[in-house]
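Scroll down for the structure; my scribbles are underneath it.
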Amino acid sequence: MSKDKDDRAVDPHTGTKTTGHDWDGITELDTPLPRWWLWTFYATIVWGLLYTVAYPAWPMLSGATSGLLGYSSRGALEQDIARQKAAQAGIEAEIVKAGFGEIAADANLASYAYAGGAAVFRANCSQCHGAGAAGSKGYPNLRDDDWLWGGTPEDIYLTIAHGIRWEADYDTRWSEMPAFGDDGILEETEIALVADHVLSLSGKSGRSEAGATLYLDNCSGCHGEAGEGMAEMGAPALNDAIWLYGSDRASLIETITHSRFGVMPSWNTRLSEADLRKVAHYVHSLGGGVRE
Amino acid sequence: MSAPPAPSLYAAREPIFPKAVSGRFRRLKWAILVATLAVYYITPWLRWDRGPYLPDQAVLIDLAARRFYFFMIEIWPHEFYYVAGLLIMAGIGLFLFTSVLGRVWCGYACPQTVWVDLFMHVERFIEGDRNKQIRLQHQSWTPEKIRKRTAKWTIWLAISMATGGAWIFYFADAPSLAWQFITGAAPSVAYATVAILTATTFILGGFLREQVCLYMCPWPRIQAAMLDENSLTVTYKDWRGEPRGKHKKQPTPQTQTQTQGDCIDCNACVNVCPTGVDIRKGQQLGCITCALCIDACDDIMARLGRPRGLIDYCSLADEHLERSGQPALSAWRRILRPRVFLYTGLWAGIGLAMVVTLFLRDTIGLTVRHDRNPLFVTLSDGSIRNGYEIRLLNQEGMPQDFRLSHRLEGAGHLRLDIQGSEGRTVEVAANTQQLLRVFLTSEPWIEMDGQVPVRLWVENLTTRERAHYDTVFYGGSE
């Protein structure tokens, strides 16, 4: 009998050698792995090592090895942004060149301007005007149909580009309502009469002759005799349902006494021409924009 | 004293050289091979007219536009449950076939089986049958061996490329993609897909072969769990064949009838087996029930003048009957049993339900999202306006005019406006979903209480189909 050094027991059912491990009579078959499996395993190890050479991987004292391919996630992002910007260059140029009417009429330009404008709005405008552009006290609601400085796309564009009462911009829109109480123009009782008259313009209070006279003398120059307002001066209409600082009597008295001085920055130094036009188109499309 | 050498932890693949065989199951396998390959290669080239706005490819998975076309059926992403239904049907179908016919999928229809079969045929065509292949394998690399191997691998590679190439045609218009592919204008993903599928077909079909079934594929183990005592499996009838022994030309009466079975130990069944198993050892994982050993054994039995079927399809229950000398039940008695009826019923029920819903489904749709920020806007004339995002769905193959309308639950009046459109009718392009912004506005200075329920309707002016969506109007009072 030849000397068989492989003295592992053989499983009678399969003819396979066993490992010798035995659990309550159940033995473990010692089936060898397929060799191709081993090669595949080695190949994955080699692949893994090459990967760590090609890509950033090994931690060093400061940072990590940068990898032969020079890949970085930040670099990939920058390339991606550059590629997107290059792809958008054509349509951005069209946005700058086209009139607002042409942008609105061209479905492709309009959807691009709307989506781009929405992104610009979220990043730059929503802090004051709200994510939904509904505004809040002192910050106009951009969805309604009342516009202090005009609601055509060109008006909105001018407001965004140069701001309101923004001293650093020579072309900014400017007006200033006198502080009738602080500057001693009107007495407290007179201010109260004016406030009552303003309330009467939208039917919230009765009319008084004294109030009407005071209003005509002091306010109608900008706000109009019937309180219809004047967009050229940024003077709000007083006969409608929209009130930037509140429509109750106390708020009106506060406004007349101390005046308001709402400020909006000019954006032409921070946003590109195309971005300005996109966000103007977006704001105009929110539902309240006035047709040209 | 030296320790015994450690046994090897790894084993090289035992090369298998299956011998060519002919017979009834081989003919069936050829037929199925030709049919399945024909379906695979020809399907993307079938045309199906769907009008001017839709692709005319009969079977198309349009990933970019998110549509699946199958002859007269078109599936949108929101109807993906049809695909889930098909997968469930495939699963139950597998239960059904396995409980009746055992591993019939493995033996006849599995792509691995079909392509390996094709590759083996090429191999025999170039290198000759089993014995010549074995000789060539052990030969040194003579010019003849190099020539034969090169020829074989070249044909394999061509088949592999055709396999990978056909796959991509299911995902784009086949004729134009074929032209783009040749002229180098096809998208890089097409080339990458073809390259990967060429490589996997070449390696899996040419070299790994039965290793795929033994080590990679989960089916054999799942299917084994679905077999029962009535499932057909390829069985060596040892009660007839044993004790096996060399055939004797002039047998003495004793040896012929008393001590020797029908098996003459000729190894024909082993030599033809594509997975290299010996079926005489009984049911085993390696057996894919391709039935080629039945053909091989029948051939030998015919030459010996013995009845066919020493190796045959047989269920475990029949095996017990035959072993005890009783006749086997008829095949129908094996097939017609509660389990099969249950699977068939489930399978047909799901299929029928899908067909019914498919032909009753709406081709119009409407979803409405009320603006959340702000909920409402006060306009200068004192009216209240609510904004809505409306998606109109047109599943027709032609552009359709849709008219929007609304009904307010309760008193009051609302005006409906579509942004960027004068009237209430919009044209929705063929086979698309269109996003609209719609406003409902109350009358000036008329206060409405809190939320008022509103139902928005859309009607296809051509087909008169209607759909509605319930939403609310915020009246503005706090």
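The numbers here are math on the coordinates, done by the rules we state, and not lab data. It should be emphasised that the depicted structure is a prediction, and the values quoted were computed from it without experimental measurement. For neighbour counting, all protein chains shown are included, and Cβ atoms are generated from backbone atoms with ideal geometry for every residue, glycine included.
Figures for the structure shown
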{"read-out": "Simple spin-label estimate for A:SER175 and B:ALA199 in nanometres, 7 Å along Cα-Cβ", "value": "7.1"}
{"read-out": "Hz values of 3J(HN,Hα) by residue in the stretch B:380-385 - Karplus curve (6.51, -1.76, 1.60), Gly and Pro given as x", "value": "5, 7, x, 7, 10, 10"}
{"read-out": "At R0 = 56 Å, FRET efficiency that the Cβ-Cβ distance of A:ARG83 and B:THR259 yields, to 0.05", "value": "0.10"}
{"read-out": "Aspartates and glutamates with Cα under 12 Å of A:LYS97, excluding same-chain neighbours fewer than 8 positions away", "value": "A:GLU273"}
{"read-out": "Burial ranking of peptide ranges A:17-28, B:445-456, B:311-322 (average Cβ count within 10 Å, highest at the top)", "value": "B:311-322, B:445-456, A:17-28"}
{"read-out": "30 Å Cα-Cα threshold exceeded, pairs from B:LYS246/B:LYS281; A:LYS137/A:LYS204; A:LYS17/B:LYS152; B:LYS19/B:LYS145; B:LYS152/B:LYS237", "value": "A:LYS17/B:LYS152; B:LYS152/B:LYS237"}
{"read-out": "Other protein chain Cβ atoms within 10 Å, averaged over every residue that makes up A:133-146", "value": "3"}
{"read-out": "Backbone HN-Hα couplings from phi across the stretch B:446-463 [Karplus 6.51/-1.76/1.60, Hz, Gly and Pro as x]", "value": "9, 6, 10, 7, x, 8, 10, x, 9, 10, 9, 10, 10, 10, 7, 5, 8, 8"}
{"read-out": "For B:369-378, mean number of other protein chain Cβ atoms within 10 Å", "value": "5"}
{"read-out": "Separation in nanometres of the label points that stand 7 Å from Cα toward Cβ, at A:LEU38 and A:THR189", "value": "11.1"}
{"read-out": "Inter-label distance for A:SER62 and B:VAL39, nm, one decimal - labels placed 7 Å from Cα along Cα-to-Cβ", "value": "6.5"}
{"read-out": "Straight-distance crosslink candidates among aspartates and glutamates, where the alpha carbon sits under 12 Å from B:LYS132 and sequence neighbours closer than 8 are dropped", "value": "B:GLU123"}
{"read-out": "Average other protein chain Cβ within 10 Å of Cβ, residues B:436-446", "value": "1"}
{"read-out": "Intensity falloff of the protein assembly as shown expressed as log10 I(q)/I(0), Debye formula with alpha-carbon point scatterers, at q = 0.07, 0.08 Å⁻¹", "value": "-0.81, -0.93"}
{"read-out": "Listed peptides B:377-386, A:46-55, B:363-372 by packing density, highest first (mean Cβ within 10 Å)", "value": "B:377-386, B:363-372, A:46-55"}
{"read-out": "Diffusion constant of chain B at 37 °C, which comes from Stokes-Einstein with the Kirkwood Cα-pair radius and 0.692 mPa s, µm²/s", "value": "115"}
